[in-house]
Amino acid sequence: MIKTLYDKLWESHVVHVEDDGTTLLYIDRHLVHEVTSPQAFEGLKLAGRKPWRVSSIVATADHNTPTKEWEKGIEDPISRLQVETLDANIRESGALVYFPFRDKGQGIVHVVGPEIGATLPGMTVVCGDSHTSTHGAFACLAHGIGTSEVEHVLATQCLLQKKSKSMLVRFDGALGRGVTAKDMVLAFIGRIGTAGGTGYAIEFSGSAIRGLSMESRMTICNMAIEAGARVGFVAVDETTVAYLKGRPFAPKGATWDRAEAYWRTLVSDQGASFDSVVDIDVSRIEPQVTWGTSPEMVVSVTGTVPAPEDFSDPVRREGVERALQYMGLTPRTPINKIPIDKVFIGSCTNSRIEDLREAASIVKGRRVAPTVKLALVVPGSGLVKRQAEAEGLDKVFVAAGFEWREPGCSMCLAMNADRLEPGERCASTSNRNFEGRQGVGGRTHLVSPAMAATAAIAGHFADVRDLI
Amino acid sequence: MQKFVQLDGLVAPLDRANVDTDAIIPKQFLKSIKRSGFGPNAFDEWRYLDHGEPGMDNSKRAKNPDFVLNQPRYVGASILLVRENFGCGSSREHAPWALEDMGFRVLLGPSFADIFFTNCFKNGLLPICLPVAEIDALFAQALAIPGYKLRIDLEAQTVTRADGKVIHFDVDTFRKYCLLNGFDDIGLTLCRSEKIKEFEARRRIDQPWLFS
């Protein structure tokens, strides 16, 4: 029978199906962080239950942790209690691996899992975090869950799910100079909207996806949720297999051979049918910049801020008006005339070594504009940080006027001290430009690492293609 | 979990599309390790004029008179009328916790984000999807008629308007069953623990690398 990759991933995890199609799905990998797990561990304890399989758990502290002066610990007592609670819970329950605050392996959970080989093709991967879709780059069925579901997975190693509809997104053509995976996914979200993928599982395919590294594929899958889809994934190919070889938790020897043979079946069969198909010619994509308060509010760097009258639907028009007001923008302003106050290079979308190399290549030999108050580089993990330092990237950033920080989620969601002040405008490599996301009253523009670096140098949004 | 069977409730209209979970409960309140007490900080940035932080006495903070849920006519509302893609963004279950703690038991809208939709059902909060035209009509009535109420009947799967019009809604059988009875679905899943163990044993043989 001809199957999609989604069919294969789904069917290989079905434990039981109820009459209405509600399915008990087995979970292979459970990523745990401090924000969405304490209530789940507490619930488990109150019910007198034990975790079903602790070797499925990979845990780290990331959302609350500071990115500088680690020797001082966590100053905010509420944040500190949350991180200590994770510590106590994991030490009591156990885990496959745990990277506590200040451990050399600590980092953003979605960066840590893949880099240690704890994310393997064909797995179901869950985490109390919507950006779990990142792991779909490895042909995993990976999605975010709420805290009740975190408790459900801890207690039963399963989740109750209904199968989604399937969407195939084909990225074909040659990517232009200075255009990255981030631009591809932003352009895609601009095309289908933030609810365009609701109810769908998205397979990203096409020659342009095949040509991307694993890290770039992670950037694309990471933002599937910004298109409304809980899961987004890419089929296994040589790039996938090559990435995994030799990672600490990847199989070895004869088991590797068996695993690899299985992984190579994780592709959609020829002629498989999808509920929806979207075709995107990547040769037409230019570097992208969001202008509003939703990731779908995006244009090319060569474009202008839209006007409410460009939108016929009254609900959308009102949303645009509100976004323009919040963002402090005037319709028809050229994107490359918008000045910025801060720059954030980091987050589970864009904090891996290739992202830092990409940004450093722009920054090298240049200076952050004097009007930029703060330019931050926050590596995704301790491993990424040390790799970057071995390559001298930290020195490139610091020489240009960037701050080089410790790993964590940082200013993507501003749960720690890294944030925007009211009215400040930021070029950010993160994933959400919602009102207040990076700090109350803060104005976020989502861009690629190369475009964030370009904005830092120029002091306003500018076309990276003019610098390379 | 709190059961949900039937409700006659006051309706509050929140006329914005794409309300994200960061707006429903801002990140600074996610530092709590509790499940309760999020209600006073629901929609914090829209609801108050100052910047909210955990530990503040919310009763002493100045409220934003322009925010719809602050209007006296909507005090005590248990049904929230919303626009498309409600609950998008972060998977934080603190969002339904906050809405429930604020007094809501039903959300009525044209569409909801997937993770948020699932999280609601785990907390005795019923999200109902209705066609856009029905939602538009409900917004018009809720805004025009002070004290506008609706009757929600989960068993019958109906929303009944004050003018007598009955609107049917869909809900998954399994979710309906759990909500009507207030069942903890972990308990139900553990009734299948033998099947889970069998599945896991097969998996250990077929894909041993997943169990190292």
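The values are calculated or read from the model by the stated rules, or taken from the named source; none is laboratory data. Just so it is clear, the structure is predicted and the values come from calculations on it, not from any experiment. Don't worry about glycine lacking a Cβ; one is built from the backbone with ideal geometry, like all the others, and counts go over all protein chains shown. Note: areas computed on protein heavy atoms with side chains; ligands, DNA, RNA excluded. Shrake-Rupley method; radii C 1.70, N 1.55, O 1.52, S 1.80 Å.
Here are a few things to note about the model shown:
- One chain, two ends: A:Ala174 and A:Ile2. Fully extended at 0.36 nm per residue, the span grows by 59.0 nm beyond their Cα-Cα distance.
- Residue-averaged [θ]222 nm for chain B, counting only DSSP H segments that reach four residues, each worth -39500 (n - 2.57): -8500 deg cm²/dmol
- Cross-link partners for A:Lys395 among the aspartates and glutamates, with Cα-Cα distance under 18 Å and sequence neighbours closer than 8 places in the same chain left out: A:Glu354, A:Asp355, A:Glu358, A:Glu403, A:Glu406.
- Based on Cα atoms of region A:199-298, Rg over Rh with Rh as the Kirkwood radius reads 1.02.
- Unsatisfied cross-links (Cα-Cα over 25 Å) in the set A:Lys104/B:Lys197; A:Lys45/B:Lys197; A:Lys337/A:Lys364; A:Lys68/A:Lys104: A:Lys104/B:Lys197
- Classification of region A:152-257 by its C-alpha gyration tensor yields an oblate form. The axis ratio a/c (a ≥ b ≥ c) is 1.5 or more, and b/c is at least a/b.
- Low-density loop positions, GluC sites (Glu not before Pro), region B:95-175 - DSSP coil, at most 10 other Cβ in 10 Å: B:Glu155
- Accessible surface of chain B [probe 1.4 Å, protein heavy atoms]: carbon and sulfur percent: 53 percent
- All aspartates and glutamates inside 13 Å of A:Lys165 as judged from Cα atoms, apart from same-chain residues fewer than 8 positions distant: A:Asp7, A:Glu203, A:Asp275, B:Asp114
- Evaluated with a Cβ-only charge set (Lys, Arg +1; Asp, Glu -1), region A:211-304 carries a dipole of roughly 480 debye about its Cα centre, given to the nearest 20.
- Each label point was placed 7 Å from the Cα along the Cα-to-Cβ direction; for A:Thr333 and B:Ala133 their separation is 4.1 nm.
- Probe 1.4 Å, all protein chains present, accessible-area order of A:Ile345, A:Ile2, largest first: A:Ile2, A:Ile345
- Based on the convex hull around the alpha carbon atoms, region A:295-403 presents an average projected area of 8.1 nm².
- In terms of its C-alpha gyration tensor, region B:1-112 has a rounded overall shape, because the principal axis ratio a/c (a ≥ b ≥ c, square roots of the eigenvalues) stays below 1.5.
- With an a/c value of 1.5 or above and a/b not larger than b/c for the gyration tensor axes a ≥ b ≥ c computed over the alpha-carbon atoms, chain B is described as oblate.
- Solvent exposure, largest accessible area first (probe 1.4 Å, DNA, RNA and ligands not counted), of A:Met184, B:Met1: B:Met1, A:Met184
- The apolar share of the surface of chain A, taken as the fraction of accessible area on carbon and sulfur atoms (1.4 Å probe, ligands and nucleic acids excluded), comes to 51 percent.
- Among the residues of A:51-61, the average count of other protein chain beta-carbon atoms within 10 Å of the residue beta-carbon is 1.
- Å² of accessible area per residue within chain A, as computed with a 1.4 Å probe and no ligands counted: 32 Å²
- The label-point distance for B:Phe67 and B:Lys197, in a model that sets each label 7 Å from Cα toward Cβ, rounds to 5.1 nm.
- 1.4 Å probe, heavy atoms, protein only - residues of region A:126-143 losing at least 10 Å² accessible area vs chain alone: A:Ser130
- Helix-only mean residue ellipticity at 222 nm for chain A, each DSSP H run of n ≥ 4 adding -39500 (n - 2.57), per residue, nearest 500: -9000 deg cm²/dmol
- Chain B packed on chain A takes about 5800 Å² of accessible surface away from a 1.4 Å probe, both sides summed.
- Volume of the Cα convex hull of chain A, divided per residue and given in Å³: 149 Å³
- Only the Cβ atoms of Lys and Arg (+1) and of Asp and Glu (-1) were treated as charged; on that basis the dipole of region A:298-406 about its Cα centre amounts to roughly 360 debye.
- When the chymotrypsin sites (Phe, Trp or Tyr not before Pro) in region B:71-134 are filtered for DSSP coil states and for at most 15 other beta-carbon atoms within 10 Å of their beta-carbon, no site remains.
- The stretch between A:Asp20 and A:Glu238, if pulled fully straight at 0.36 nm per residue, gains 74.6 nm over its current Cα-Cα span.
- For region A:49-101, the set of GluC sites (Glu not before Pro) satisfying both a DSSP loop assignment and a count of at most 11 other C-beta atoms within 10 Å is given as A:Glu69, A:Glu75.
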